[in-house]
1. List, largest first, the extents of the alpha carbons of the stretch 12-104 along their principal axes, each in whole Å.
2. Please check: in the Gaussian network model of the chain (C-alpha springs, under 10 Å), which one of 147, 47, 226 has the largest mean-square fluctuation.
3. From the list [x] 49; [y] 55; [z] 61, can you say which value of percent of Cα pairs over 23 Å apart was derived from the structure given?
4. Find the centroid of the Cα atoms in the stretch 121-180 and in the stretch 1-77, then give the distance between the two in whole Å.
5. Report the residue, chosen from 239, 120, 41, that carries the largest GNM mean-square fluctuation when the chain is represented by alpha-carbon nodes joined by springs under 10 Å.
6. Return the single residue from 34, 153, 165 with maximal mean-square fluctuation; model: Gaussian network over the chain, springs between Cα atoms under 10 Å.
């Protein structure tokens, strides 16, 4: 498996206010805000890493200061903020930034150079998506339409950040080295917490319920009250997981 990244950046330095709005928006979907659960050991295949928000009984978010005027958010499930909220029928991140009246973006990188999606909003409810949504439908990102006109990611609201993309092209190419871009964005906007912009914060710290070590970071956990969403069973190998997915797809196709 290649390099994966799912990181949200909001152009405001008020991490506590962002955390408060996350609680409000998640509770509007029926999620229950809970204290950090007891620490646990990861299993081979984690629902909070590989399934969508509505397929998980628990959500977790890490909110921490970045460079001056910026806040970073990491989530589990990984695309939690990029998915559409059934409460509003809008992208959760757009709802969050609109409530804050602050622009922001999510940088999603899938399996190294195979695909990337940039979700951007101006803080007033407008949104712009660019890239191609591998491993999803290339022209649909969790139900939000994508455009062939913007198959390469680009900033259309936060245009001052476009140089980060322009300086991340492969040598002699117009195509972006997404791993390099992710590193440049984290270094530029993550400040003293740039190392926590890595997905390890999501797939290790949050999924394992470890204390968040980021400077002045806030971790937030929610659970689905009925706990009736179907999550992955415990599996001992990737082969077992692949077979389980095949069987599930076969049942759903009937």
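FYI, it's all coordinate maths here, none of it is from the lab. Keep in mind the model is a prediction, meaning the values are calculated, not measured.
1. Computed over the Cα atoms, the extents are 38, 30, 21 Å.
2. Highest fluctuation among the options: 226.
3. So the calculated entry is the one marked [x].
4. Taking the Cα centre of each part, the stretch 121-180 and the stretch 1-77 sit 22 Å apart.
5. Of 239, 120, 41, the most mobile in the Gaussian network model is 239.
6. 34
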